[in-house]
C-alpha cells in the first residue's frame, strides 16, 4: 500500500463532505497527524509559490497611477505570453474591437492603469499554479474572478477602495491552492471527487487536515509576494465573525465571497442579496425590501463572468 492509500485508509476528518462520486466511509481514529506548514517553511521543506519577475515588477510599477505607459510597455515586451494577453484584451469587444491593435504601447494606453493591473495580477497569480491536486482550476479561477469583480463593483457603496477590493477577491482563496499543492496526498484524499466547499466550512476542514487554514496561508503568501498589507490583513480575517464596525474592505470581501457562492449555485438575485451581511443588504435595498436596480445589474453581470486569463 503506498502512502496515499495508507493516508486515505486511516485518516478521518471531523467534518463530513457530501460526495459526488464516492461514498463516505467510516474508519477508526486517525493515525496520522496534520503537517505543520509554518515549521515546514522555516525548515526549508516548503517553498511558497513565486510569480514571474516581470509580473512582480509590473505590479509594483502599476501601483503608481501616473506611471509612464512606455515603461509599462517596455516591461511587458519582456514577456511574450503576457503581451499577447494584453493585446487580446485591447482588441476584445469590451474595448470596441473595431480594429486590430498590434502596438503594446497603444494597448496599454487604451486599457489604462487599473485594467492593466487587474489583468497582470490575475495572470501572474494563475501562472504560479499549473496543476493542483483536489482542485478544478478553471472552476477555481472563475470563482476567484467572480469574487474579484463583485468586490470591485460593490466597493463604492461600502466606502472601500475598489482596486484593493478587487485584489482581495481575486486572491482570497490562493491559500487553499498553496496547501493542496504543498501536501498533494492530503489534498487528493480530502477534496478529489467531493463537492466544493467554501469559506468557514473549508477553513475548518483545512485546520483538521493541514493544521492551518487558507486565510492564514493566503495572507502569508500575499505578504511574501509584496502585496499591500491591507490585502493580506483582509484575506486573513475573511472567515472570522464580522464586528459591528467592520472595515469597508472586510465587508467588501465577505460580501464578494457570498456572491461568488451564489453565482456558483445559480441562485436568483433576491436569494443572493438575502445572503449578504445585513448592513450590506441595506446599502443595496430597494422598495419593498428587495434588492435595488444597481444590485440586480451587478449580479446579472456576475452570472455571465468568465475568466480572461
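Any read-out appearing in this document is the output of simple, stated calculations on the displayed coordinates, not a laboratory observation. Quick caveat, the model's predicted, so the values are computed rather than measured. Reconstructed Cβ throughout: ideal geometry from the backbone, glycine too, with neighbour counts over all protein chains shown.
What to note about this one:
- Relative to the longest principal axis of the Cα atoms of the chain, the long axis of helix 162-171 makes an angle of roughly 30 degrees.
- Taking the chain as a Gaussian network of alpha-carbon nodes connected by springs under 10 Å, the highest mean-square fluctuation of the residues 87, 259, 158 belongs to 87.
- Highest-MSF residue in the chain out of 268, 43, 247 [GNM, Cα springs under 10 Å]: 43
- Cα gyration tensor, the stretch 217-309 - rounded (a/c under 1.5), prolate or oblate: oblate
- Across the stretch 50-128, the convex hull enclosing all Cα atoms gives 77 Å³ per residue.
- Taking 257, 168 and counting other C-beta atoms within 10 Å, the order from fewest to most: 257, 168
- Cα gyration tensor category, rounded, prolate or oblate, for the stretch 114-156 with a/c compared to 1.5: oblate
- Subtracting the Cα-Cα distance of residue 265 and residue 57 from 0.36 nm times their residue separation leaves 71.2 nm of extension gain.
- Exposure proxy shown here: for 83, 100, the number of other Cβ atoms within 10 Å sets the order, fewest to most, as 100, 83.
- Between 282, 203, 150, the GNM of the chain built on Cα springs shorter than 10 angstrom shows 282 fluctuating the most.
- Kirkwood-based shape ratio for the stretch 257-309, expressed as Rg/Rh from alpha carbons: 0.98
- Taking the number of Cβ atoms within 10 Å of each Cβ as an exposure proxy, the fewest-first ranking of 104, 235 is 104, 235.
- Helix-only mean residue ellipticity at 222 nm for the chain, each DSSP H run of n ≥ 4 adding -39500 (n - 2.57), per residue, nearest 500: -18500 deg cm²/dmol
- The stretch 131-309: relative contact order as a whole-number percent, Cα under 8 Å and 6+ apart: 27
- Cα gyration tensor category, rounded, prolate or oblate, for the chain with a/c compared to 1.5: oblate
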